[in-house]
Structure formats: structure tokens, C-alpha cells
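Structure first, then comments.
Please treat every number below as a calculation from the coordinates, not as lab data. Predicted model only: the values in this text are computed from it and were never measured. For neighbour counting, all protein chains shown are included, and Cβ atoms are generated from backbone atoms with ideal geometry for every residue, glycine included.
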Amino acid sequence: MRLPNPWVTIPVLLATIAGGAVGYLVTEASCAGRCTLPALLIGAGVAIGVTAGVGTVVVLAVRSMREWREFQDREISVYQGPAEGGEPQPPTC
């Protein structure tokens, strides 16, 4: 089994903890009386939602950076300078 990438796992875990805490605290503060169980359930629901949203964004960002790096590597390896017999090419940004 492949271990998850720590650059994906760490921000998702931090966002999950923060989202769950905010969901719990807002529900607890808005309740009059004893409502610990509903606050915990809402906090857990918010944490699940945050995990799905932040996880999706982080995974897409990491994949995008990887594709960009692969594109840059291919672009550099295709370049032929005057030593290889090709025409000098201006560098691309």
C-alpha cells in the first residue's frame, strides 16, 4: 500500500481539525442549554465536509504542479542549441 503524500496530508488534517472545531464552537455558542451532542455531530459533519473540499483542492494543486514541472523538463530537453546543429532559439517563459 502506498503511503499518502505528506504535502497533501498535513494541510488536510489541519483544515479538518480547524473546521470541526469551528463547527462545534459555533453550535455550542448558539445553543441555549445543554447541546453537547448536537454540537459534536455538527462539528463532525463540518470536519467531513472540510476534508472533502480541502483534500480535493490540495490534490489538484499538487497534480498541477507536477504536470507543470514535467512540461518544463520536456521543454528543456527538446531545445537544440547551435552546438547540436539547430537554430538558436530564444528562451520561453
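For the reader, a short list of remarks on this structure follows.
- Going by neighbour counts of Cβ atoms within 10 Å, the residues Glu70, Glu28 line up, fewest first, as Glu70, Glu28.
- At most 13 other Cβ within 10 Å, DSSP loop - trypsin sites (Lys or Arg not before Pro), the range 1-76: Arg2, Arg34
- With the convex hull of its Cα atoms as the shape, the range 7-74 has an orientation-averaged projected area of 4.6 nm².
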